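Below: the structure, in structure tokens.
The values are calculated or read from the model by the stated rules, or taken from the named source; none is laboratory data. Here the structure is a predicted model, which means the values were calculated and not measured. Glycine also receives a Cβ, built like all others from the backbone with ideal geometry; neighbour counts cover every protein chain displayed.
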Amino acid sequence: MVVLAITSVLFLGCMFLVKVSKESVRTSQGLVDKLNAQIVADSTVEAFKFLGSTGVFSTNKLVNPFGDDIGMKGEIPLDGTVAGLGEHTRIQALDAAAKLNVWGCNAGYLAKMVEILSGDDSKGSEIQDCLLDWFDADDLKRLNGAESYYYQTERGSLYGPRNYGAVQCVEELSLVKGLDDPLVWARLKNELLLAPRILPNLNTMDKTMLRAVLGISDDTADSLLATRRDRGYLDFSDVSSATGIFISNLMDLYATGPSRIVNLSVETVSGNARESVRLLVNFRPDREVPFRVLEAAY
């Protein structure tokens, strides 16, 4: 009996050691996969920085003949198209001018965008007044707006309007009356971005943005997008013909080329590990550096 008991204990001990060993192997493999995913993601980011610093920003793409030599691509679209780099890595590059820039936010553009996304044409005037009240320095409420009394007394919030012409982050706008509706904000936030002052790029923005900044119908936007897709770009004469807006006015308010500020997303997979990186990179060189990372999220 003693021998049997000892044998049973040894057997159970061996089984325990085998289980622990398997768990250790799985844990080790998971760490290796995670490390590999991080290395590939970081390498892809550094490669893109090189391409952006030495390449050419055309109408709606980044062109660099060295791309193929370093495992990237010779042409990278700047309209948010997802591009695969091998089996396990994807990048998505979007010109910042394709989004509605909330730095020095244009209240009219944003109000129109809310109308389009919500399908409710009555929201625009209220949203615009609330945004103007949020930004202006006084405490005089517009007809459909909201000032300190609304936020702090009627709603009982611990904050009031910023009373300054720029926001600190995209999420700040979710505090504004009308934009604090979770359903409205969920649709709107993906169309917004905070970057240095830039003109909206007609050749990289999506349909919603195109309609909002030009104030055009769904059909007109479809026509412009078809032209852009077929020919590869839009020029001011295309937009003027479709909208009736004078070319000189278009040139003052919009651009047909990229801002050289890129919202970059990289995703890599290694085994069961996944790594995602998002950067906002300014490729406008100065005397000190060829680019600056304005924002990074891992």
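Taking the options ASP218, ASP222, name whichever one is surrounded by fewer than 17 Cβ atoms within 10 Å (Cβ to Cβ), at pLDDT 95 or above and either under 27 Å from GLY55 (Cα atoms) or among the charged types (D, E, K, R) (or both). Give the steps one after another, and end with the answer.
On the way: ASP218 fails: at pLDDT 95 or above.
On inspection, the qualifying residue turns out to be ASP222.
Please specify each residue of segment 152-184 satisfying the condition of being out of contact with any Ser or Thr (no Cβ under 8 Å at 6 or more places or on another chain) and acidic (Asp, Glu).
Passing the criteria: GLU154, GLU171, GLU172, ASP181.
Take ASN64 and decide whether it is surrounded by fewer than 19 Cβ atoms within 10 Å (Cβ to Cβ) and either touching a strand residue (DSSP E or B) at 6+ places or on another chain (Cβ under 6 Å) or not aromatic (Phe, Trp, Tyr) (or both). Outline the logic, then answer.
Numbers: surrounded by fewer than 19 Cβ atoms within 10 Å (Cβ to Cβ): no; either touching a strand residue (DSSP E or B) at 6+ places or on another chain (Cβ under 6 Å) or not aromatic (Phe, Trp, Tyr) (or both): yes.
Spelling it out, it is not the case that ASN64 is surrounded by fewer than 19 Cβ atoms within 10 Å (Cβ to Cβ) and either touching a strand residue (DSSP E or B) at 6+ places or on another chain (Cβ under 6 Å) or not aromatic (Phe, Trp, Tyr) (or both).
Can you name the residue in segment 267-290 that is of a type in the set (Val, Ile, Thr) and more than 19 Å from THR81 (Cβ to Cβ) and is also nearest to the chain's Cα centre (by Cα) among such residues?
Going through segment 267-290, the residues of a type in the set (Val, Ile, Thr) turn out to be 268-269, 277, 281, 289.
If we keep only those that are more than 19 Å from THR81 (Cβ to Cβ) too, we end up with 269, 289.
Details: VAL269: 21, VAL289: 24 Å.
Applying the filter and picking the extreme gives VAL269.
Just to be sure I understand, how many residues within segment 183-240 are of a type in the set (Val, Ile, Thr), over 16 Å from the mean Cα position of the chain (by Cα) and within 25 Å of LYS123 (Cα to Cα)?
So the answer is 4.
Working carefully through the options ARG231, ARG287, ARG260, ARG197, find the one that is within 27 Å of ALA107 (Cα to Cα), out of contact with any helix residue (DSSP H, G or I) (no Cβ under 7 Å at 6 or more places or on another chain) and loosely packed, with under 15 Cβ neighbours inside 10 Å.
Only one candidate passes the filter, namely ARG197.
Restricting to segment 234-257, name every residue that is among the hydroxyl-bearing types (Ser, Thr, Tyr) and part of a helix (DSSP H, G or I).
SER237, SER240, SER241, THR243, SER248, listed by residue number.
Given the conditions (1) surrounded by fewer than 15 Cβ atoms within 10 Å (Cβ to Cβ); (2) under 16 Å from ASN106 (Cβ atoms); (3) of a type in the set (A, V, I, L, M, F, W, C), and given that LEU173 satisfies all but one, which numbered condition is not satisfied?
(1)
Quick one: would you say GLY271 is surrounded by fewer than 17 Cβ atoms within 10 Å (Cβ to Cβ) and either modelled with pLDDT under 95 or touching a Leu at 6+ places or on another chain (Cβ under 6 Å) (or both)? Outline the logic, then answer.
Working: surrounded by fewer than 17 Cβ atoms within 10 Å (Cβ to Cβ): yes; either modelled with pLDDT under 95 or touching a Leu at 6+ places or on another chain (Cβ under 6 Å) (or both): yes.
Answer is yes for this residue.
Among the residues of segment 119-128, what is the count of those that are touching an Asp or Glu at 6+ places or on another chain (Cβ under 9 Å) and either surrounded by 18 or more Cβ atoms within 10 Å (Cβ to Cβ) or part of a helix (DSSP H, G or I) (or both)? Even if it seems obvious, please write down each step before you answer.
Step one: list which residues in segment 119-128 are touching an Asp or Glu at 6+ places or on another chain (Cβ under 9 Å), which gives 121-124, 127.
Now drop any that are not either surrounded by 18 or more Cβ atoms within 10 Å (Cβ to Cβ) or part of a helix (DSSP H, G or I) (or both), which leaves 123-124, 127.
Number satisfying all stated conditions: 3.
Between residues in segment 230-245 that are in contact (Cβ under 8 Å) with a residue 24 or more places away in the chain and residues that are part of a helix (DSSP H, G or I) and among the basic types (Lys, Arg), which pairs lie under 8 Å by C-beta distance while being six or more apart or on different chains?
LEU234/ARG228
If I go through segment 188-220 residue by residue, how many of them are among the aliphatic types (A, V, I, L, M) and closer than 14 Å to ALA242 by Cβ?
The number of residues fulfilling the criteria is 5.
Based on what the data block shows, is ALA146 in contact (Cβ under 8 Å) with a residue 24 or more places away in the chain and farther than 24 Å from ALA97 by Cβ?
When the stated conditions are applied, ALA146 passes them.
Restricting attention to segment 58-81, which residues are part of a loop (DSSP other than H, G, I, E, B), free of Cβ contacts under 8 Å to residues at least 60 places away in the same chain, closer than 15 Å to LEU264 by Cβ and not polar (S, T, N, Q)?
Initial filter on segment 58-81 (part of a loop (DSSP other than H, G, I, E, B)): 58-60, 64-67, 71-74, 78.
Going one step further and asking which of them are free of Cβ contacts under 8 Å to residues at least 60 places away in the same chain, we end up with 64-67, 71-74.
Going one step further and asking which of them are closer than 15 Å to LEU264 by Cβ, we end up with 64, 67, 72-73.
Within segment 58-81, GLY67, MET72, LYS73 meet the criteria.
Listed here are the residues, each with its yes/no results for (1) assigned by TED's automatic domain parsing to the domain that holds ILE39; (2) under 30 Å from GLU87 (Cα atoms); (3) touching a helix residue (DSSP H, G or I) at 6+ places or on another chain (Cβ under 9 Å).
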{"residue": "MET205", "(1), (2), (3)": "no, yes, yes"}
{"residue": "THR208", "(1), (2), (3)": "no, no, yes"}
{"residue": "SER217", "(1), (2), (3)": "no, no, yes"}
{"residue": "SER240", "(1), (2), (3)": "no, no, yes"}
{"residue": "TYR254", "(1), (2), (3)": "no, no, yes"}
{"residue": "SER265", "(1), (2), (3)": "yes, yes, no"}
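What number of residues within segment 65-102 are within 12 Å of THR44 (Cβ to Cβ) and either aliphatic (A, V, I, L, M) or not assigned by TED's automatic domain parsing to the domain that holds ARG278 (or both)?
Looking only at that region, the number is 7.
If I ask for residues that are over 11 Å from LEU192 (Cβ atoms) and in a loop (DSSP other than H, G, I, E, B), which ones from segment 82-105 would you list?
Hits for segment 82-105 are LEU85, GLY86, GLU87, HIS88, GLY104.
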